[in-house]
Amino acid sequence: MTSVVIVEREGCSDCANANDLLERIQQERRDLTVRHVQAADPLGRTIIAELSAVEVPVVLVNGHYVAQGAISESLLRERIGSTGHAVDDRTPEYRSKRPHDQDHHCDACNEMS
C-alpha cells in the first residue's frame, strides 16, 4: 500500500491541480491511498514546520517529502514510482525544491500510521 499525504489550503489552485493529478493516479493504482490535511490544522502546521515548506500543497509519499507548490503530473508519477515508493532524484531542480536533505522523512507522518 502506498500512502500519500497532501497538505493543502482551501482556495489554492496548485492544491486543486495536485488533487486532480492524485485522483487520476489513484484510479490507475488501487494501492494508493490519499490523506488530505489542511495547512491550518495542527497536523498540517506540524508538517509544514518540520519540512520548512514555503508553499502548498506539500506532498509526501510513505512519509517522505516529495514536492511542494505547483506539481506536474510527470513529476508526481515519477516521485510515486512504479513500486509505490518515493524516488530519490538528485537533479538541481529537485534539490532546489527540497526543504531539507535528500533523505528527509516526516516524523509527523510516521505518527499518523
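The values are calculated or read from the model by the stated rules, or taken from the named source; none is laboratory data. This structure is a prediction, so every number in the text was calculated from the model and none was measured. Every residue, glycine among them, receives a Cβ derived from its backbone with ideal geometry; neighbour counts consider all protein chains shown.
Quick check, is Val56 at pLDDT 95 or above and either of a type in the set (Phe, Trp, Tyr) or under 20 Å from Asn17 (Cα atoms) (or both)? Lay out the reasoning, then the answer.
Values: at pLDDT 95 or above: yes; either of a type in the set (Phe, Trp, Tyr) or under 20 Å from Asn17 (Cα atoms) (or both): yes.
So Val56 fits the description; yes.
For the range 34-65: of the residues being assigned to a loop (DSSP other than H, G, I, E, B), of a type outside the set (Gly, Ala, Ser) and in contact (Cβ under 8 Å) with a residue 24 or more places away in the chain, which is nearest to Met1 (Cα to Cα)?
Of the range 34-65, the ones assigned to a loop (DSSP other than H, G, I, E, B) are 39-41, 52-57, 62-63.
If we keep only those that are of a type outside the set (Gly, Ala, Ser) as well, we get 41, 54-57, 62.
From the residues that got through so far, the ones that are in contact (Cβ under 8 Å) with a residue 24 or more places away in the chain too are 54-57, 62.
Working: Val54: 29, Glu55: 27, Val56: 24, Pro57: 22, Asn62: 9 Å.
So the residue we want is Asn62.
Could you please let me know if Asp31 is surrounded by fewer than 19 Cβ atoms within 10 Å (Cβ to Cβ) and either without any contact (Cβ under 8 Å) to a residue 12 or more places away in the chain or of a type in the set (Lys, Arg) (or both)? So Asp31 does not fit the description; no.
Close contacts from the range 66-78, counting a first residue that is outside any strand (DSSP E or B) and a second that is among the basic types (Lys, Arg), with Cβ to Cβ under 8 Å and a gap of 6+ residues or different chains, come to Gly69/Lys97; Glu73/Arg24.
Suppose we filter the range 54-72 for residues that are of a type in the set (A, V, I, L, M) and closer than 15 Å to Arg9 by Cβ; how many remain?
Let us first name the residues in the range 54-72 that are of a type in the set (A, V, I, L, M), namely 54, 56, 58-61, 66-67, 70-71.
If we keep only those that are closer than 15 Å to Arg9 by Cβ too, we end up with 54, 56, 58-59, 70-71.
Final tally of qualifying residues: 6.
Look at (1) at pLDDT 90 or above; (2) over 21 Å from Ser13 (Cβ atoms) and you find that Asp41 fails only one, number (2).
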